[in-house]
Amino acid sequence: MARFFFGGVHPKGYKELTENAPIVPFRPKQVSIAMSQHIGRPCTPLVKIGDRVTIGQKIGDAEGLCVPVHASVSGTVVAVDNRPTPSGVKGTCVVIESDGRDTLCPDIHKRESIADLSGEELIALIREAGITGMGGAGFPTNVKISSGLGKVDTVIVNGAECEPYITADDRLMRETPERIIGGLRVLQKILQPERTAIGIEANKPEAIEAMRGVLTEDVELLPLRVRYPQGAEKQLIQAVTGRLVPPGGLPAAVGCAVFNVATCAAIYDAVYDGMPLVRRAITVTGKAIARPSNFLAPIGTLYSDLVEAAGGFASQPYKVLCGGPMMGIAQPTLQCGTIKGNNALTCFAQSDNHEVKTPHCIRCGKCVDVCPMHLMPLMLHRAQLRGELEKLEKGNVMDCIECGSCAYGCPAGIHLVQSFRTAKKLLRDAKAKEGRK
């Protein structure tokens, strides 16, 4: 039985815009593939202008906390330079002009069975496939698995997709549930958990039935109560197991490991089909979009091309977000490419603009009631404005998951998540400065 978690909100879903739109393959003429798509060290480009590449060919890699990136189309490298990325800053990108042939890298080979592969070999395959958390965090999956060896007794598959507008995971579960379960079997072989569970919000009945159709008795399927941020890692763990991840702790501290359904599908593709992470399902939606759609897009597909494929803008957009309305990042340009953790492009119309020109906290406490991490957002915001680093640290601002529940419920319209991101940067900069002394 799924449990409750503390806090959270119930925003309107708007999923009806795309929930019945099948995932349609998209073939761009050009891709811009960022060398930094994950938490950790950016990749160093392994190709140069004029090089011919094939789908799945490694085009960037580095040592340390890093996973490689691969060509998502076959064609010619036309640029290796700084270009816009979804993070809002420019970064090194490899730009490939597609030849339209979809030629696969000759190193890609299918595998019928993994019975003869050890856990270490499977982890190495996952690393070489460039797989990162596809729910948005972007943490290298091989590192997450390795850090859980001998500690994890429960593996949880995250199919909540609780953020409004986004339906990419819903469609993935409906259309290819066998890939998700195939990837889960790989994780079970490596981690040897005592319990395996899949959590899906109850507002996705078709996805629940599709997943049930491919499950065996050793995997539980839990319909979750519809409540944002149900899909956040720590909240999902609490809902499924009742365990509370301690402040500053990781899921392994309470014996859990959480993997997004898209990540599981990517693991299946890598292990059985030999295909690195070169494409992903992405929802293009919002009132400003003429034909909200779900696409299977090569990594690096330009936002401008996705908008055009979705019929273009129905009206002048007020704001375009990489991701959903709660945790998405506003985009200053459409000339940047998708990344591995990018599950949506949400385009708001002018009628969606509800910003307050001069917001002032009225100390109503609504942000405290809805914070799923038991924080005091109003006090943290005040400390950030005053630069009071000690209060920010004591208030555990680094535990903020930036879910946006506080900002959603704030009657004053204060940009609280932006405030906490600024606060985290202030603390990191202060610690780095202290370390250099």
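Sum -39500 (n - 2.57) across every DSSP H segment of at least 4 residues in the chain, then divide by the residue count to get the 222 nm mean residue ellipticity, nearest 500. Numbers along the way, then the final one.
Numbers: 13 runs with 124 residues, N = 437.
After summing the helix terms and dividing by residue count, I get -8000 deg cm²/dmol.
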For the stretch 52-67, list residues with backbone N below 16 Å from a point placed 7 Å from the Cα of I108 toward its Cβ? 53-60
Roughly what would the spin-label model give for H354 and K394, points 7 Å off Cα along C-beta, in nm? 3.5 nm
Taking H as built 1.01 Å from N, whose amide H comes closer than 5 Å to the amide H of G286, not counting residues under 5 places away? C347
Run down the lysines and flag those whose C-alpha is under 21 Å from the C-alpha of K391, throwing out any fewer than 8 positions away in its chain. K366, K424, K425, K431, K433
Compute the length gained on full extension between E120 and I362: take 0.36 nm times their separation in residues and subtract their Cα-Cα distance, giving the result in nm to one decimal. 81.7 nm
What order do you get for 312-319, 66-73, 249-256 when each peptide is scored by the mean count of other beta carbon atoms within 10 Å, highest first? 66-73, 249-256, 312-319
Specify which labelled value, from (i) 82, 61, 40; (ii) 62, 55, 49; (iii) 114, 63, 42, agrees with Cα extents along the principal axes in Å derived from the coordinates of the model shown. (ii)
Could you pull the accessible area for M379 with a 1.4 Å probe, rounded to 10 Å²? 90 Å²
Backbone HN-Hα couplings from phi across the stretch 133-138 [Karplus 6.51/-1.76/1.60, Hz, Gly and Pro as x]: x, 9, x, x, 5, x
List the lysines whose Cα lies under 21 Å from the Cα of K287, skipping any in the same chain that are fewer than 8 positions away. K12, K15, K319
Give me the distance in nm between label points sitting 7 Å out from Cα along the Cα-to-Cβ direction at F4 and V24, one decimal. 4.3 nm
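Expressed in nm to one decimal, what extension gain is obtained for the pair T44 and T422 from 0.36 nm per residue of sequence separation less their Cα-Cα distance?
On the way: separation 378, 0.36 × 378 = 136.08 nm, distance 2.85 nm.
Extra length available between T44 and T422 comes to 133.2 nm.
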Given the protein chains as shown and a 1.4 Å probe, how many square angstrom of E206 are accessible, to the nearest 10? 90 Å²
F4 accessible area, assembled protein chains, probe 1.4 Å, Å²: 130 Å²
Straight-line reach only, C-alpha to C-alpha below 19 angstrom: list the aspartates and glutamates that K340 could link to, leaving out same-chain residues fewer than 8 apart. D61, E128, E161, E163, D169, D170, E233, D269, D273, D305
Looking only at the chain, where both bridge partners belong to it, what percent of the DSSP beta bridges are antiparallel (to the nearest 5)? 60 percent
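The values are calculated or read from the model by the stated rules, or taken from the named source; none is laboratory data. Predicted, not measured: the structure shown is a model, and the values here were computed from it. No Cβ is skipped: glycine too gets one built from the backbone with ideal geometry, and neighbour counts run over all protein chains shown. Just the protein is used for accessible areas: all its heavy atoms, side chains included, with ligands, DNA and RNA removed. Shrake-Rupley method; radii C 1.70, N 1.55, O 1.52, S 1.80 Å.
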